[in-house]
Ligand code: NDP
């Protein structure tokens, strides 16, 4: 029997192979894509993500710089760092790892990044362009979700996509991207009534909540495609928002955690950095 598990690592490797080729071509023209990753404080999860992003860059030939700034840094100092990176010719993409310490205004920091270097796609200009359907840097996790769905060979057109979560970084943009793929989209959140009934209508279910195993088998339609964005630490292990072991027998396709959406997020970041580099020359 063919596996119905969507291997995000494998899909990522395939895409990264072609990105490596693109980087080589650019290097032949003496062009070197560069990404700067800024992290404030010592949150272990954030540090893991930042290291993974830098390593992924190195593996495919993208130049990367990591700035580890102390928890006590002021907003002004952080903004100055971003200004510096905005005018640094070697740097085509800037990523500030979220969340930031409480007394720093996250939105102000994101807005300070030049929209041309906003490879996370969180800048208000890129978010606005996405809303009205103009070409923009797509936020990495949502773009990764859509790519994984397409890789199943299924189309989103005409399907009912149920998104659980409405954050600016996952839920809302993945709903918009699904809409642009001509899906019919429902967005659920913490105030949604009859969540189970609504999720059960989904031909495609995208869970982006941050509550371990909240999507159970009884909530999922037979044959649905299930994309699990959630990353939750339970007893030292990573689990998604979907009860994978039970739901996998009902879904036509399902992403595991880890090894599903996570690697794709980084792959899309690499892709955006290469696009940013090409645009700059
Ligand atoms: P947020 O906390 O910003 O958003 C969570 C959303 O879930 C909110 O819209 C909230 O609703 C909704 N929600 C909370 N409780 C319920 C509930 N009981 N029923 C229905 N909806 C609920 O999280 P993010 O969007 O940033 O991230 C979501 C998950 O994805 C997290 O586990 C995060 O770690 C993971 N993640 C994974 C990434 C990856 O690369 N794989 C990248 C980014 C995030 P309301 O708006 O009403 O509060």
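Give 56, 45, 36, 52 a once-over and let me know the one that is more than 15 Å from residue 276 (Cβ to Cβ), touching a residue at least 24 places away in the same chain (Cβ under 8 Å) and surrounded by 20 or more Cβ atoms within 10 Å (Cβ to Cβ).
Sole residue among the options that is more than 15 Å from residue 276 (Cβ to Cβ), touching a residue at least 24 places away in the same chain (Cβ under 8 Å) and surrounded by 20 or more Cβ atoms within 10 Å (Cβ to Cβ): 56.
How about segment 157-166: which of its residues are outside any loop (DSSP other than H, G, I, E, B) and either in the same structural domain as residue 94 (by TED's automatic domain parsing) or within 9 Å of the ligand (Cβ to nearest atom) (or both)?
So the first thing to find is which residues in segment 157-166 are outside any loop (DSSP other than H, G, I, E, B), and the list is 160-164.
Scanning segment 157-166 gives a single hit, 164.
Helices (runs of 4 or more DSSP H) wholly in segment 59-156 with at least 2 residues that are surrounded by fewer than 18 Cβ atoms within 10 Å (Cβ to Cβ) and either outside the structural domain of residue 251 (by TED's automatic domain parsing) or free of Cβ contacts under 8 Å to residues at least 60 places away in the same chain (or both) - which ones?
Details: elements: 75-86, 106-112, 124-132, 140-151.
Fully inside segment 59-156 and qualifying: 75-86, 106-112, 124-132.
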- Item | Candidate set: segment 243-261, residues that are within 11 Å of the ligand (Cβ to nearest atom) and within 16 Å of residue 164 (Cα to Cα); chosen: the one nearest to the chain's Cα centre (by Cα) | 261
- Would you mind telling me which numbered condition in (1) buried (at least 24 other Cβ atoms within 10 Å of the Cβ); (2) under 15 Å from residue 146 (Cβ atoms); (3) touching a residue at least 40 places away in the same chain (Cβ under 8 Å) residue 270 fails? (2)
- Taking segment 167-178 as the search range and keeping residues that are near the ligand (Cβ under 6 Å from one of its atoms) and buried (at least 17 other Cβ atoms within 10 Å of the Cβ), which one is farthest from residue 214 (Cα to Cα)? 169
- Pair list, Cβ < 9 Å and 6+ apart or interchain, from segment 183-194 residues that are within 15 Å of residue 210 (Cα to Cα) to residues that are more than 6 Å from the ligand (Cβ to nearest atom) and in a strand (DSSP E or B): 188/162; 188/163
- Message: When you check residue 177 against the structure, is it within 16 Å of residue 221 (Cβ to Cβ) and touching a residue at least 24 places away in the same chain (Cβ under 8 Å), yes or no?
- Response: no
- Note on the structure: Given (1) at pLDDT below 95; (2) more than 30 Å from residue 85 (Cα to Cα), residue 255 misses just (1)
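The values are calculated or read from the model by the stated rules, or taken from the named source; none is laboratory data. If you're wondering where the values come from, they're calculated on a predicted model, not measured in any experiment. Cβ sites come from the backbone with ideal geometry, for glycine too, and all protein chains shown count toward neighbours.
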